[in-house]
1. Only one of (1) in contact with a Leu (Cβ under 8 Å, 6 or more places away or on another chain); (2) without any contact (Cβ under 8 Å) to a residue 12 or more places away in the chain; (3) among the hydrophobic types (A, V, I, L, M, F, W, C) fails for Val108. Which number is that?
2. Mind checking whether some residue in segment 15-37 is in contact (Cβ under 8 Å) with a residue 60 or more places away in the chain, surrounded by 14 or more Cβ atoms within 10 Å (Cβ to Cβ), under 20 Å from Val217 (Cα atoms) and polar (S, T, N, Q)?
3. Residues in segment 42-81 that are among the aliphatic types (A, V, I, L, M), within 24 Å of Leu95 (Cα to Cα) and in contact with a strand residue (DSSP E or B) (Cβ under 7 Å, 6 or more places away or on another chain): how many?
4. From the list Asp55, Asp45, pick out the single residue that is crowded, with 22+ Cβ neighbours inside 10 Å and either small (Gly, Ala, Ser) or not in a helix (DSSP H, G or I) (or both).
5. Kindly indicate whether any position in segment 58-68 is of a type outside the set (Phe, Trp, Tyr) and touching a Lys or Arg at 6+ places or on another chain (Cβ under 7 Å).
6. Does Arg150 satisfy the criteria of being closer than 20 Å to Gly48 by Cβ, in contact (Cβ under 8 Å) with a residue 12 or more places away in the chain, touching a strand residue (DSSP E or B) at 6+ places or on another chain (Cβ under 7 Å) and surrounded by fewer than 23 Cβ atoms within 10 Å (Cβ to Cβ)?
7. Would you mention how many residues in segment 75-100 are modelled with pLDDT of 95 or more, hydrophobic (A, V, I, L, M, F, W, C) and either within 22 Å of Leu155 (Cα to Cα) or in a helix (DSSP H, G or I) (or both)?
8. Which of the following residues is under 16 Å from Arg222 (Cβ atoms) and among the β-branched types (Val, Ile, Thr): Ile5, Ile51?
Amino acid sequence: MCRMIAFTSSEPQPIAPYLAQLARLSQEGVLVERWERHAGGNHPDGWGVAIVPADGQAPRVVRSGKAAAADPALHALDAGTASRFIGHIRFASNLSTVCEANSHPFTVGGIVLGHNGTFKGTIGAEGDARGVSDSLVFLEKLAARWPAGRTFEGLADTLMGLLSDELLVGNYSAANFLLAEGGRLFVFRKSRRDPDYYALYLRETRAPETGEICALVVASERLDGGGGWRQLSEGELIELALPFPRSAIIALPF
C-alpha cells in the first residue's frame, strides 16, 4: 500500500517540491481506517524516485528503506530539474520486507515501475518464496510479455492478459502503477477494493500564453486544495505524453 507521484512537462522543472510532497505523504498520507498504523508516519516503509531522461537513456533511480519524512538522504538528494519523474513511498503489509531492495520503483528490462496494491496468486507466492516484492514479480512478467516495440496498445493488451489470469494475480487489491519505458511515462488505475484509497488523480497545467497543456501531474492523492484534479476511472490507462491527445487514453474493459 503506497502513495505515488509522477509528472511530465514540456520544460524541465524543479524536483524538490515533489520530494517534499513525498515526505509529507509519508507522514500524513491517507490510509484505510481499519489498517494498523506503523511507527514513523502513515507510509514510513521506504521511498524511491526515478528521474527519467526524455531521450530514452536509462533513468536515474534512487531508493531507500527508510521513512521519507525523516530520511536525510531524501532531503539531501541533488535532484535538480527534470521533465519526467516518478516518486513512490510505501506502507508495507509485511514489515519483514522493509528494506532498500524492496522499495519501489523497480527496474527490469529497461522498464521502471512503481505500484500501489498487493498481488496474490502465483505472483504473490513467488514473491514470498524469493523474499521480494510481489510488485517486482509482476514487473518481470510484464516485461517478458510486452511485445517488441513496446507500444501503448501493446501495453494495454499485455495488462489485459496479466490481470485476467486469476491464477497468476489472485484476488489482488489493486494494480495501480506508474511506469517509465524509453523516456515515456504511463499510468494505470485498477482497484478491487477501497477505491477511495486506491485512487489516482490527474491534473493538467496549461501555458498562460498559448493555453496548451504544458505539464501533467498524477498522484495517489490531490497534492493541494486547488482545482483541476480529475480522478482516473477504473481500467484507465494513460500515456503521459505532450502534446496530450485523446489517443493517449485507453479504457480497459474490466
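1. Of (1) in contact with a Leu (Cβ under 8 Å, 6 or more places away or on another chain); (2) without any contact (Cβ under 8 Å) to a residue 12 or more places away in the chain; (3) among the hydrophobic types (A, V, I, L, M, F, W, C), only one is false for Val108: (2).
2. yes
3. Filtering segment 42-81 for residues among the aliphatic types (A, V, I, L, M) gives 49-52, 54, 58, 61-62, 67-70, 73-74, 76-77, 79.
Okay, now just the ones that are also within 24 Å of Leu95 (Cα to Cα), so 49-50, 61-62, 67-70, 73-74.
Now restrict to residues that are in contact with a strand residue (DSSP E or B) (Cβ under 7 Å, 6 or more places away or on another chain): 49-50, 61-62, 68, 73-74.
Looking only at that region, the number is 7.
4. Working: Asp55 fails: crowded, with 22+ Cβ neighbours inside 10 Å.
Just a single option satisfies the conditions, and that option is Asp45.
5. So in segment 58-68, the residues of a type outside the set (Phe, Trp, Tyr) come out as 58-68.
Imposing the further condition that a residue be touching a Lys or Arg at 6+ places or on another chain (Cβ under 7 Å) reduces the set to none.
No: segment 58-68 contains no residue that is of a type outside the set (Phe, Trp, Tyr) and touching a Lys or Arg at 6+ places or on another chain (Cβ under 7 Å).
6. Numbers: closer than 20 Å to Gly48 by Cβ: no; in contact (Cβ under 8 Å) with a residue 12 or more places away in the chain: yes; touching a strand residue (DSSP E or B) at 6+ places or on another chain (Cβ under 7 Å): yes; surrounded by fewer than 23 Cβ atoms within 10 Å (Cβ to Cβ): yes.
It is false that Arg150 is closer than 20 Å to Gly48 by Cβ, in contact (Cβ under 8 Å) with a residue 12 or more places away in the chain, touching a strand residue (DSSP E or B) at 6+ places or on another chain (Cβ under 7 Å) and surrounded by fewer than 23 Cβ atoms within 10 Å (Cβ to Cβ).
7. 2
8. Numbers: Ile51 fails: under 16 Å from Arg222 (Cβ atoms).
The match here is Ile5.
The values are calculated or read from the model by the stated rules, or taken from the named source; none is laboratory data. What you see is a predicted model; the values in this text were computed from it and never measured. Cβ sites come from the backbone with ideal geometry, for glycine too, and all protein chains shown count toward neighbours.
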